[in-house]
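A short write-up of the structure that comes next.
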Amino acid sequence: MPRDAAVMRLVGLDPALASRYPHEFSGGQRQRINIARALAPEPEFVVCDEPVSSLDVSIQAQIINLLEELQRRLGLTLLFISHDLAVVRHLCNRIAVMYLGRLVEVTERERLVAHPRHPYTCALLSAAPVPDPEREAERTARREVLEGDPPSPLSPPAGCRFCTRWMRRRGIDCARVEPGLVQVETGHHVACHLHAG
Amino acid sequence: MPADAEGTAARAGPLLEVDDLHVGFNSREGSVHAVNGVSFAVTGRETLGIVGESGSGKSVTALALMRLLPEPPARVSARVVRFGGLDLLAIDERAMRRVRGARLAMVFQDPMTSLDPVMTVERQLAEMLLAHRICGRDETRERARALLDMVGIPEPGTRLRAYPDELSGGMRQRVLIAMALSCGPELLIADEPTTALDVTVQDQVLDLMRRLKREIGMAIIWISHDLGTVAGLADRVLIMYAGRVMEEAPVRDLYRRPRHPYTRALLRSIPRLDGGRSAALHAIEGMPPDPERLSVSRTLPTGRRPLPRAAPGAGNDRPPPPCRLLAPRRAGCTGWNRDLR
C-alpha cells in the first residue's frame with residue numbers, strides 16, 4: 001500500500017479522499033489529516049498544540065481516542081498542550097502546569113488532580129465547571145474565585161508571577177523573590193514559596 | 001398602563017413561549033433547515049440552558065427570537081413566539097426595536113466583535129441608555145458607572161473612559177453583560193458568553209451570572225456546548241441536535257437520568273476532573289449531519305425514526321454507525337425508557 005494511503009488509514013480516513021481539498025472535510029476530519037501529516041515521517045516524538053480545543057465534544061472524544069490508540073500502537077511520546085485540564089488528565093501520564101511563561105507544578109496526573117500543591121493548580125482545578133448539578137453546586141460553594149485576569153506577559157509581576165492573583169500570599173517573599181521549581185516529593189515539583197523546603 | 005398589564009400577564013403564564021419554530025436559509029446550493037420545529041417556554045426568573053454541538057441550531061434559535069436574522073435569506077416561522085404578551089414575529093420592526101435590547105437582551109460569544117472598537121465603554125453604555133430612554137443625558141455617566149460596578153469591574157470610573165482593546169477578555173465580556181443589563185431586561189439570552197475565556201476568568205463570569213440571577217431575578221437563556229457551565233446555572237435544560245429538541249428536563253434529571261441516547265452519549269463523551277478517570281471516552285461515531293443535506297421539513301415524521309448521522313468520511317472502511325438516535329420527544333414522557341429498550 002502506498003505510504004500516504006497507509007497513513008490515512010492509520011488515522012481512520014478513507015485513502016480514496018486523498019485528492020480532496022481541506023475545505024471538503026469537516027473539522028474533525030481535518031484534525032485527522034493534520035495528525036496523519038505529523039505521523040507520516042514516523043516520528044518518535046509528537047507535539048500536539050491544542051489539537052481538540054476547537055472541536056465539538058463528540059468529535060473531541062474521537063480525536064482523543066485516536067491519539068491514545070496511535071500512541072499505543074506506534075509507541076509515540078506525546079507533548080500535549082491544552083488549556084483543558086480534564087482532557088489533559090484523561091490523556092497524559094504527567095502534567096506540567098504553566099503560568100505566565102513559567103512551570104509552576106509538574107507531577108503525575110492523578111497526583112496532580114488529587115494532591116495539587118501550587119495555589120494556581122488548585123485554582124485551575126477548582127475553576128473547571130463539573131457536568132453534574134449537585135457536584136457543581138458543591139464546587140461553587142467551596143472554591144475560591146481567583147481575582148483579576150492574568151497579567152500581561154510583557155510586564156510580568158516582580159517576584160512570584162502568580163502573586164498578584166493569590167490573596168493569601170506570604171508577604172515576605174512572594175512579591176520580591178521568584179520561587180524556583182523544587183522537588184517536594186519524588187517526581188513532584190512545585191515553584192511556590194509555600195513549599196520551599 | 002399597558003406595561004403593567006403585560007407584566008401581570010407575564011407572571012401568570014410563561015414569559016416566553018415558543019411553539020414549532022422553524023428557521024431555514026436559502027443558499028445557492030439549496031435550502032438549509034437550521035431549526036426544525038423547536039418548542040419551549042421560559043418562565044420569569046427561570047434559567048433555561050440550551051445545549052448542542054455546532055450546527056444544532058441553538059444560536060439560530062436565539063437570533064430568530066431577537067429577530068436578528070435578515071429575511072431573506074432567512075425564513076422564520078412559528079405557530080407561536082410570545083414574549084410578555086407580545087407576538088414577536090408579528091409586531092413591526094419599530095415595536096421590535098423597543099423590545100430588543102430593553103426587555104429582551106442578548107450577550108454574544110465574542111466581546112471584541114460585539115463592542116465598537118472606536119467608542120469608549122461609557123459612550124457604548126450611554127447609547128443604550130439613551131436609545132431606550134432609560135435616563136437623560138445628564139445621568140448616563142452615573143448609570144454607566146453603576147452598571148460597571150454591578151458586573152464587578154474594579155475602578156468603574158476609570159474603565160468608563162477605556163476603549164475595548166484596552167480591556168482584557170474577561171472585562172470586555174463584563175462590559176457586554178453590563179450593556180445587556182442596562183435597560184433591566186426581563187429575559188437575557190447569553191450565547192456561549194464564556195467560551196472564549198480562560199477557565200479561571202470563565203469561573204468569575206459564571207459567578208457573576210449566578211449573583212445577577214439571584215439579585216435581579218431576570219430570566220436567562222444560557223446557550224452553550226459545555227455541559228459543565230450549564231450544570232451550575234440552568235434550572236431546566238434543552239438538548240438540541242440537527243435543529244431539533246432531543247430532550248428537555250429539569251437540570252438534575254437531565255444529568256442524573258438522561259433519557260435520550262444522544263444526551264447520554266454527550267455526557268459520556270466528555271473527559272472529567274471529578275471522580276475516577278475513565279478508561280476510554282465514549283466517542284459518538286460520525287458527525288452531526290450537515291444542515292444543507294438534511295432535507296427535513298415540516299412533514300418530518302414523528303415517532304421512533306432514526307436520525308441521520310453522517311459517517312466519518314464518506315466511504316470510510318468502517319461500516320456506517322448504527323443510527324441510535326431517535327426522533328425528538330420530551331424527556332419524562334411516559335414509556336420513554338421502554339421505547340429505547
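Here are some notes:
- Enumeration of residues in the range B:181-211 that are within 17 Å of the chain's Cα centre (by Cα), hydrophobic (A, V, I, L, M, F, W, C), surrounded by fewer than 24 Cβ atoms within 10 Å (Cβ to Cβ) and modelled with pLDDT of 85 or more: B:Leu181, B:Leu187, B:Leu188, B:Val205, B:Leu206, B:Met209
- Scanning the range A:85-117 for residues that are within 12 Å of chain B (Cβ to nearest Cβ), assigned to a helix (DSSP H, G or I) and surrounded by fewer than 17 Cβ atoms within 10 Å (Cβ to Cβ) gives A:Glu110, A:Ala114.
- Residues of the range B:243-262 that turn out to be modelled with pLDDT of 85 or more, closer than 30 Å to B:Phe25 by Cα and touching a helix residue (DSSP H, G or I) at 6+ places or on another chain (Cβ under 7 Å), as a count: 2
- No other residue among A:Leu91, A:Leu85, A:Leu55, A:Leu70 is of a type in the set (A, V, I, L, M) and under 15 Å from A:Val11 (Cα atoms) apart from A:Leu70.
- The numbered conditions (1) under 20 Å from the mean Cα position of the chain (by Cα); (2) at negative phi; (3) crowded, with 24+ Cβ neighbours inside 10 Å; (4) not aromatic (Phe, Trp, Tyr) are all true for B:Ala242 except (2).
- Any hit, the range A:27-40, residues being under 25 Å from A:Val106 (Cα atoms), modelled with pLDDT under 90 and more than 9 Å from every other protein chain (Cβ to nearest Cβ): no
- A:Asp56, sole failed condition from (1) among the acidic types (Asp, Glu); (2) surrounded by fewer than 21 Cβ atoms within 10 Å (Cβ to Cβ); (3) in contact (Cβ under 8 Å) with a residue 24 or more places away in the chain: (2)
- The range B:154-180 - residue that is of a type in the set (A, V, I, L, M) and within 24 Å of the chain's Cα centre (by Cα) and, of those, surrounded by the fewest Cβ atoms within 10 Å (Cβ to Cβ): B:Met171
- Those helices (runs of 4 or more DSSP H) lying entirely in the range B:84-169 with at least 3 residues under 18 Å from B:Leu65 (Cα atoms): B:93-99
- Which numbered condition A:Gln31 misses (of (1) closer than 17 Å to B:Leu273 by Cβ; (2) in a helix (DSSP H, G or I); (3) touching a helix residue (DSSP H, G or I) at 6+ places or on another chain (Cβ under 7 Å)): (1)
- Look at (1) at pLDDT below 85; (2) surrounded by 16 or more Cβ atoms within 10 Å (Cβ to Cβ) and you find that A:Met167 fails only one, number (2).
- Taking the range A:138-147 as the range and being more than 8 Å from chain B (Cβ to nearest Cβ) and either more than 23 Å from B:Arg268 (Cβ to Cβ) or buried (at least 18 other Cβ atoms within 10 Å of the Cβ) (or both) as the test, the residues that pass are A:Ala141, A:Arg142, A:Glu144, A:Glu147.
- For the range B:188-205, a residue qualifies if it is more than 23 Å from A:Leu100 (Cβ to Cβ) and within 14 Å of chain A (Cβ to nearest Cβ), and the qualifying residues are B:Glu192, B:Pro193.
- Of all residues in the range A:118-137, those satisfying the criterion of being under 17 Å from B:Asp198 (Cβ atoms), at the interface with chain B (Cβ under 7 Å from one of its Cβ atoms) and part of a helix (DSSP H, G or I) are A:Ala123, A:Leu124, A:Leu125, A:Ala127.
- Residue match in the range A:61-70 (condition: of a type outside the set (Lys, Arg) and more than 14 Å from every other protein chain (Cβ to nearest Cβ)): no
- Residue match in the range B:165-180 (condition: in contact (Cβ under 8 Å) with a residue 40 or more places away in the chain, of a type in the set (A, V, I, L, M) and in contact with a His (Cβ under 7 Å, 6 or more places away or on another chain)): no
- Residues (surrounded by fewer than 21 Cβ atoms within 10 Å (Cβ to Cβ) and not hydroxyl-bearing (Ser, Thr, Tyr)) located in the range B:274-286: B:Asp274, B:Gly275, B:Gly276, B:Arg277, B:Ala279, B:Ala280, B:His282, B:Glu285
- Of the residues making up the range A:43-60, those that are modelled with pLDDT of 90 or more and either within 14 Å of chain B (Cβ to nearest Cβ) or under 15 Å from the mean Cα position of the chain (by Cα) (or both) number 4.
- Identity of the residue in the range A:10-26, within 18 Å of A:Leu74 (Cα to Cα) and in a loop (DSSP other than H, G, I, E, B), that ends up farthest from the other protein chains (Cβ to nearest Cβ): A:Val11
- The requirement of being within 30 Å of B:Val51 (Cα to Cα) and either modelled with pLDDT of 80 or more or hydrophobic (A, V, I, L, M, F, W, C) (or both) is fulfilled nowhere in the range A:183-193; no residue meets it.
- Check on A:Ser82, outside the structural domain of A:Pro150 (by TED's automatic domain parsing), modelled with pLDDT of 90 or more, surrounded by fewer than 21 Cβ atoms within 10 Å (Cβ to Cβ) and hydroxyl-bearing (Ser, Thr, Tyr): yes
- No other residue among B:Leu197, B:Leu208 is without any contact (Cβ under 8 Å) to a residue 60 or more places away in the chain, on the phi < 0 side of the Ramachandran plot and outside any helix (DSSP H, G or I) apart from B:Leu197.
The values are calculated or read from the model by the stated rules, or taken from the named source; none is laboratory data. Please read all numbers here as calculations on a predicted model, not as lab measurements. Reconstructed Cβ throughout: ideal geometry from the backbone, glycine too, with neighbour counts over all protein chains shown.
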